[in-house]
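Please read the structure below before turning to the comments.
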Amino acid sequence: MQPMLNIAIRAARRAGTIIIRSIEKRQDLHVESKAKNDFVSEVDRQAEAAIISILRKAYPSHAILAEEGGAQKGNEYQWIIDPLDGTTNFLHGNPQFSVSIALTKSNYLEQAVIYDPLRDELYTASRGEGALLNDRRIRVSGLGSLDGALLGTGFPFRMQEHIDTYLNTFKALYPFVSDIRRAGSAALDLAYVAAGRLDGFWELGLKKWDMAAGVLLIQEAGGFSTDFGGGNDYLKTGNIVAASPRIHKEILQTIQPHLSKGLKR
Ligand code: IPD
Ligand code: CA
Ligand code: CA
């Protein structure tokens, strides 16, 4: 196993322990609102501090981009961290959240870990070496078309100016698929695409730390991730379509005629 992946796993498990320990006292937690519908609790901050301390100890010269603490400069390696993806679920005791850690080298994704601490499910990938769930190889879904597909998505609840565009994409896909899930942790949704538990996923307005680890997992599991124009700018625009190759093409073709002109692809 790659030593950098090993360190990331240690950090993700440590954050998972902190999150699980705090579930019972979630009603007493200090919670702040960063923006409309965007919450951060002391658990997000503690989990992030624990991850960064483990990564920094092992790799003091690496750069860091973390959701709560922002960016710290370093060499060509950068860790991209979402210490608790699905904070709103966590704060309601809704059991769907994860820890997401990715490592890039000169902006190329190298390592990925997404950890679901409640189910003890650990998704890992190293570039060129495939994707694993608890050490077993995973692949994206083998479904040949949208017919019968189970898709995942997220609502643009922090960017309400995009609700009409989003609903148009939803309405366009809805008649073709078997069902659509909005589970509340984008990182875990992407891990589910890598594991074939979802046939595809789309969301707009995400951040780098929601997507980076999931994108490498999907790539290593045989799938594709693009922005809404079919290009590679999803980490910049925040708009992502991710799926197995055939379903990915169909999702893009289905939603593209319904995107508003003002939306960054
Ligand atoms: C959120 C979750 C959610 C997605 C939001 C994200 P957070 O992350 O991934 O599923 O719809 O856009 O911001 O704030 O819980 O880390
Ligand atoms: Ca997140
Ligand atoms: Ca988060």
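Remarks
- Backbone geometry of the stretch 195-209 corresponds, through the Karplus equation with coefficients 6.51, -1.76 and 1.60 at θ = phi - 60°, to 3J(HN,Hα) couplings of 8, x, 7, 10, 7, x, 8, 9, 7, 10, x, 7, 10, 3, 6 Hz, x marking Gly and Pro.
- Apportionment of accessible area to carbon and sulfur, the chain, percent (1.4 Å): 48
- Rotationally averaged projected area of the chain (alpha carbon convex hull; nm²): 13.0
- Summing charges over neighbours of residue 78, with a neighbour being any other residue whose Cβ is under 11 Å away from its Cβ, gives +1 when K and R count +1 and D and E count -1.
- Treating r as the C-beta distance of residue 23 and residue 53 and R0 as 22 Å, the FRET efficiency rounds to 0.50.
- Rounded accessible area of residue 4 (nearest 10 Å², 1.4 Å probe): 40
- Between residue 167 and residue 118, the simple label model (points 7 Å from Cα in the Cβ direction) yields a spacing of 2.9 nm.
- Computed FRET value (nearest 0.05) for residue 34 with residue 73, which takes r as the C-beta separation and R₀ as 22 Å: 0.45
- As a calculated quantity, the FRET efficiency between residue 6 and residue 236 at R0 = 35 Å, using C-beta atoms, amounts to about 0.70.
- Rolling a 1.4 Å probe over the protein heavy atoms gives the stretch 3-137 an accessible area of 47 Å² per residue.
- Heavy-atom accessible area per residue - the stretch 194-265, 1.4 Å, Å²: 39
- Other residues within the sphere of radius under 12 Å centred on the Cβ of residue 145, judged by their own Cβ, net out at -1 (K and R +1, D and E -1).
- Helix-only mean residue ellipticity at 222 nm for the chain, each DSSP H run of n ≥ 4 adding -39500 (n - 2.57), per residue, nearest 500: -10500 deg cm²/dmol
- The stretch 3-137: C-alpha pair distances exceeding 19 Å, %: 48
- Here the stretch 3-137 is treated with +1 on each Lys and Arg Cβ and -1 on each Asp and Glu Cβ, and its dipole about the Cα centre works out to around 320 debye.
- Values of log10 I(q)/I(0), in the order q = 0.10, 0.14, 0.16 Å⁻¹, for the stretch 120-249 under a Debye, Cα-only, solvent-free model: -0.28, -0.55, -0.72
- Projected label distance in nm at residue 94 and residue 181, using a 7 Å step from Cα toward the beta-carbon: 1.4
- Cα-Cα separations in the stretch 60-113 greater than 17 Å, expressed as whole percent: 43
- Acute angle (nearest 10 degrees) that the helix 42-58 long axis makes with the longest principal axis of the chain, alpha-carbon atoms: 70
The values are calculated or read from the model by the stated rules, or taken from the named source; none is laboratory data. Treat the numbers as computed from the prediction; the structure is a model and nothing was measured. Neighbour counts are summed over all protein chains in view; Cβ atoms, including those assigned to glycine, are modelled from backbone coordinates with ideal geometry. Note: accessible area is taken over every heavy atom of the protein model, side chains too, but ligands, DNA and RNA are not part of it. Shrake-Rupley method; radii C 1.70, N 1.55, O 1.52, S 1.80 Å.
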